[in-house]
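The values are calculated or read from the model by the stated rules, or taken from the named source; none is laboratory data. On a predicted model such as this, the values are computed, not experimentally measured, just so you know. Backbone-built Cβ (ideal geometry, glycine too); neighbour counts: all protein chains shown. SASA here: full protein model, heavy atoms, side chains in, ligands and nucleic acids out. Shrake-Rupley method; radii C 1.70, N 1.55, O 1.52, S 1.80 Å.
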Amino acid sequence: MDNSKWIGFFTVLRREIGRFMRLYKQTILPSIITAGLFLFIFGYALGSRISEIKGVPYMHFILPGLAMMAVINNAYSNTASSLFQAKQLKFLEDILIAPISATQAALAYILGGAARGFINGTIILFMGTIIFDIQIHSIFITLLLIAIVSIAFSATGLIFGIRAENYDQVMVLVTFLITPLVYVGGVFYSIDMLPPVLRGASLFNPLYYMVNGLRYGTLGTYDTAPFGSIAMAAALTILSFGIGVFLFYKGWKIKS
């Protein structure tokens, strides 16, 4: 194995992680503040009317969903915007001609975005567990879900960063698909509270399984089988990772 390629891999990865860590006021603090506002607004407003769901206090119930929202949005946004900027500012060409394989370069971008999603999700979740004195049901499943969902949406960000020709195209997936699916994915309610038709429709929402799985890992409660949620998250990770690395390897829209 050519060690110089791994030096290039770790250089790109260090740049991706260092980029969002230096800008923590824009990349980490906003997620914590947003989650706090959701907890305050929905927790105190609805919490006075919905004391608990499935035997869990309402404030505790919505915490895993808020953490998963942060994971998905941050992992996607980091990779999509970073790659798009690299294309626009023409320094992606320097990476493409450097002694690093396309697969390693794609992996560095994906892991850099996944690190941002993982850090945001774990900070929100573990701050919440400390504030609300929650005993995490399974730390392994909790961290596993956060990690694989971070990779899945970082790889999705890579795909949309590759295809984007302007910043609107970078954010179109967040605006018209990710955000709506997250909000109807059981973040603020149990799908068992919905009419049968809407409950059935929720089962076609892939983001529901990620919220449901993280809720099981954190609180031990769930609407549908938690291991089905892990399988869905893993399948989405494999699919988006495979497509993202393949497109980067082929140089679609990044090589003239």
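Each helix, a run of at least 4 DSSP H residues, gives -39500 (n - 2.57); summed and divided by the residues of the chain, these come to -24000 deg cm²/dmol at 222 nm. With a threshold of 18 Å on the Cα-Cα distance, the over-threshold entries among 5/253; 25/87; 25/90; 5/90; 87/255 are 5/253; 25/87; 25/90; 5/90.
Taking the Cα atoms of the stretch 133-256, the ratio Rg/Rh between the radius of gyration and the Kirkwood radius comes to 1.04. Note on surface exposure: 21, 210 rank 21, 210 by accessible area, highest first, 1.4 Å probe. Any chance you could give the angle, 0 to 90 degrees and rounded to 10, that helix 139-163 forms with the longest Cα principal axis of the chain? Helix 139-163 and the main axis of the chain meet at about 50 degrees. Summing Cβ point charges (Lys, Arg +1; Asp, Glu -1) relative to the Cα centre of the stretch 90-200 gives a dipole of roughly 100 debye. Ratio of Rg to Rh for the stretch 24-65: 1.10 [Cα atoms; Kirkwood radius as inverse mean 1/r over pairs]. Share of carbon and sulfur in the accessible area of the chain stands at 68%, probe radius 1.4 Å.
Relative to the Cα centre, the charge distribution of the chain, modelled as +1 at Lys and Arg Cβ and -1 at Asp and Glu Cβ, gives a dipole magnitude of about 500 debye.
Each label was represented as a point 7 Å from its Cα along the Cα-to-Cβ direction; for residue 52 and residue 21 these points are 4.1 nm apart.
The Rg/Rh ratio of the chain, with both radii computed over alpha carbons and Rh defined as the Kirkwood radius, is 1.00. Once the Cα atoms are used to define both axes, helix 29-38 deviates from the longest principal axis of the chain by about 20 degrees. Taking the 0 to 90 degree range and rounding to the nearest ten, how far is the long axis of helix 226-250 tilted relative to the main principal axis of the chain, both from C-alpha atoms? So the helix axis and the longest Cα principal axis differ by about 20 degrees. Considering only 77, 198, 40, and ranking their Cα positions along the charge dipole of the chain that arises from unit charges at the beta-carbon of Lys, Arg, Asp and Glu, the one farthest toward the positive end is 77.
Which residues in the stretch 135-161 place their backbone N less than 13 Å from a point set 7 Å from the Cα of residue 176 along the Cα-to-Cβ direction? Under 13 Å, as judged by backbone N against the label point of residue 176, lies no residue of the stretch 135-161. For the stretch 1-148, pairs of C-alpha atoms spaced more than 17 angstrom apart make up 65 percent of the total.
A 1.4 Å probe over all protein chains sorts 69, 232 by accessible area into 232, 69, starting with the largest. Taking every protein chain into account, the accessible area of the stretch 115-163 amounts to 39 square angstrom per residue (probe 1.4 Å). The heavy atoms of residue 249 offer some 130 square angstrom of accessible surface to a 1.4 angstrom probe.
The largest accessible area among 95, 243, 151 belongs to the first residue in 243, 151, 95, and the rest follow in falling order (1.4 Å probe, all chains). Multiplying the residue separation of residue 4 and residue 93 by 0.36 nm and removing their Cα-Cα distance gives an extension gain of 30.2 nm.
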